[in-house]
Amino acid sequence: MYRTYVNEQEIIIKLSTKLQRDVHDRVPVYEAVKSVAPRVLIHPQQISFAVNDANLGLIIGEVQRGAITVFAVEHIIQKSHIFGDKYVIEEIEREANS
C-alpha cells in the first residue's frame with residue numbers, strides 16, 4: 001500500500017492480494033497509477049482506470065471513493081501478453097480514463 005497526495009488530496013494505491021505476492025518492485029506500479037490520478041480525481045463518477053506503462057504493460061484497477069480515494073490495482077497485463085497494435089491499447093486506456 002502506498003499513501004500520497006495528488007493535488008492536495010490524499011490517495012491510497014493498493015495492489016490486489018495476488019499482485020502483492022507477484023510484484024516485488026512496486027514503486028514503478030505506484031508511480032504509473034499516480035500519473036493518472038489527477039485526471040481520475042476530477043471525474044467523481046469514474047469507477048475504473050487503466051494505465052498503459054511502457055515497461056510494465058497495461059495496469060487496470062478500480063477507484064474506491066470515500067474520505068480517502070483508493071486506487072485498487074487489480075491486474076497488470078504484461079506487454080508480451082498484449083496482442084494488437086498500440087492504437088488498440090491506447091483506446092482501452094482512453095476508455096478507462098474517460
Provide the net charge surrounding Gln9, with neighbours chosen by a C-beta distance below 14 Å and charges set as Lys +1, Arg +1, Asp -1, Glu -1. +2
Just to confirm the filter: which trypsin sites (Lys or Arg not before Pro) across the chain are DSSP coil and have at most 14 other Cβ within 10 angstrom of their Cβ? Arg65
Treating the angle as unsigned and between 0 and 90°, give the value, to the nearest 10°, between the Cα long axis of helix 27-41 and the longest Cα principal axis of the chain. 60
For the chain, take the longest principal axis of its alpha carbons; what is the angle in degrees between that and the long axis of helix 86-96, to the nearest 10 within 0 to 90? 20
R0 = 30 Å: FRET efficiency of Ile77 with His43, Cβ-based, nearest 0.05? 0.85
Quick one: among Ala67, Ala37, Ala50, which has the greatest mean-square fluctuation in a GNM of the chain with alpha-carbon springs under 10 angstrom? Ala67
So, relative contact order of the chain in percent, Cα under 8 Å, 6 or more apart, is 28
The answer for Gly57, listing residues at least 5 apart or on another chain whose modeled amide H is closer than 5 Å to its amide H, is Lys79
What is the gain in length, in nm to one decimal, between Val70 and Glu95 on full extension, counting 0.36 nm per residue of separation less the C-alpha to C-alpha distance? 7.0 nm
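Each reported figure results from applying straightforward, stated rules to the coordinates on display, with no laboratory input. Because the structure is a prediction, the values reported are computed rather than measured. Neighbour counts are summed over all protein chains in view; Cβ atoms, including those assigned to glycine, are modelled from backbone coordinates with ideal geometry.
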